[in-house]
Structures are given as C-alpha cells and as structure tokens.
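Colleague: One structure is given below, represented as structure tokens, and several questions about it will come after.
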Amino acid sequence: MDPLAEALRLKRKTLVQAAEQVMEDAFKRVEPSSKNRPVHKAQLSHLVGVCNEAACAEEIALYIRYQASRGKGDGAVWDPALARDVIAKAEGAMADLPSDEAKVAAWRLYAVYLARTFTYLDKAASSRSTHRGGQPQRPEGGSGGQPMPGAAQRRDQGQPHRRDGSQPKGGRR
C-alpha cells in the first residue's frame, strides 16, 4: 500500500474525532434556539474547495484566518474562536504526518468531516428549537397532523381541490 494512503487511513479516526469536538464546542457557545451559527454550511463547502486546490497546509490555515477576520455584515463569516480551534485541532492531529502532501490530504478529509458534523449539529439544534417538552410545536388551532375537516369533506364530495376553486389539471397530484 502507498505510504501516504496508509498514513491517511490511520489518521481518519483522529480527524473525525477532532472535527466532532471542534463543532460540538462551537455549537455549545451558541444558543440552540438562535439562528446564529459559528459558521455556515456554505463556508464549510468553500473550505472543502480550498483544501482541494491547496498546495500546502499553511494555505488552508491562512484561508480560515482570513475568513475569520472578515466583517459580520451578512453573517457569512467564521467565528474567530471556531477558526482558532479548527486550525489548532488540525495541526495537532496532523503533526506527525510525514509530508506537506500528506497534511493537505488530511485537511481534505478533515474539512469534509467538519461539514458533516456541522450538518448534523445544525439539524439537531433546529429540532431542539422547534420542540417544547419533547412535543413538536404547532401553530394555535393547528390540527396536530390530522387532515383538516374541510379538505377531507371536499375530496369526499368530489369538489375541486384547488384553493381558487378550479379543477386540477389531469393526472395525479
């Protein structure tokens, strides 16, 4: 087996654990009910792209620091604490890799693991903010997932299904 591939295979678990820890710590710093996130999915996708184009590990770390230094006007920036943690965990996990080529390849894996962990934690945070006491929140007067009586009645009576009163165009709905 190729020595580079073998070195990366042995690092996968360490990289996954580092990515999970960094993202979990970042989400702990954000109120779960808040829409604020320490980074956004798009920025992690950009990081994966940067990792795919990078010639050295330092280039990737510089990109992350640059993103953390940008203004917060549109919320599309990295949280500085997250940026520091991402770089520190990566450098720690990759310290014993034999070459810069190996470190860039490890960054590629790490960036993907960060994105996957973010996606899971973001979904989990969204779920927690929409549940109260373990029950999904429903609008006042909501049907709780049951069909609305008026809709069921119209279908049973063969009436039009569209809100504007017109017949649906042929075929299935």
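The values are calculated or read from the model by the stated rules, or taken from the named source; none is laboratory data. All of these numbers come straight from a predicted model, not from anything done at the bench. Note: ideal-geometry Cβ built from the backbone for every residue, glycine included; neighbour counts use all protein chains shown.
Colleague: Does the range 1-23 hold any residues that are loosely packed, with under 13 Cβ neighbours inside 10 Å and either in contact with a Gly (Cβ under 7 Å, 6 or more places away or on another chain) or in a helix (DSSP H, G or I) (or both), and which are they?
Modeller: PRO3, ALA5, GLU6, ARG9, LEU10, LYS13
Colleague: Kindly check whether there is at least one residue in the range 3-17 that is farther than 19 Å from THR117 by Cβ, at pLDDT 95 or above, among the charged types (D, E, K, R) and out of contact with any Leu (no Cβ under 6 Å at 6 or more places or on another chain).
Modeller: Of all residues in the range 3-17, those farther than 19 Å from THR117 by Cβ come to 3-7, 9-10.
Narrowing the set further to residues that are at pLDDT 95 or above leaves none.
No, the range 3-17 contains no residue that is farther than 19 Å from THR117 by Cβ, at pLDDT 95 or above, among the charged types (D, E, K, R) and out of contact with any Leu (no Cβ under 6 Å at 6 or more places or on another chain).
Colleague: Residues being of a type outside the set (Phe, Trp, Tyr) and part of a helix (DSSP H, G or I): count how many of those fall in the range 30-67.
Modeller: 22
Colleague: Considering only residues that are over 22 Å from the mean Cα position of the chain (by Cα), of a type in the set (Gly, Ala, Ser) and buried (at least 19 other Cβ atoms within 10 Å of the Cβ), which ones fall in the range 93-122?
Modeller: Of everything in the range 93-122, just one residue is over 22 Å from the mean Cα position of the chain (by Cα), of a type in the set (Gly, Ala, Ser) and buried (at least 19 other Cβ atoms within 10 Å of the Cβ), namely ALA102.
Colleague: Would you be able to tell me the number of residues in the range 83-92 that are of a type in the set (Gly, Ala, Ser), touching a residue at least 60 places away in the same chain (Cβ under 8 Å) and surrounded by fewer than 22 Cβ atoms within 10 Å (Cβ to Cβ)?
Modeller: So the answer is 1.
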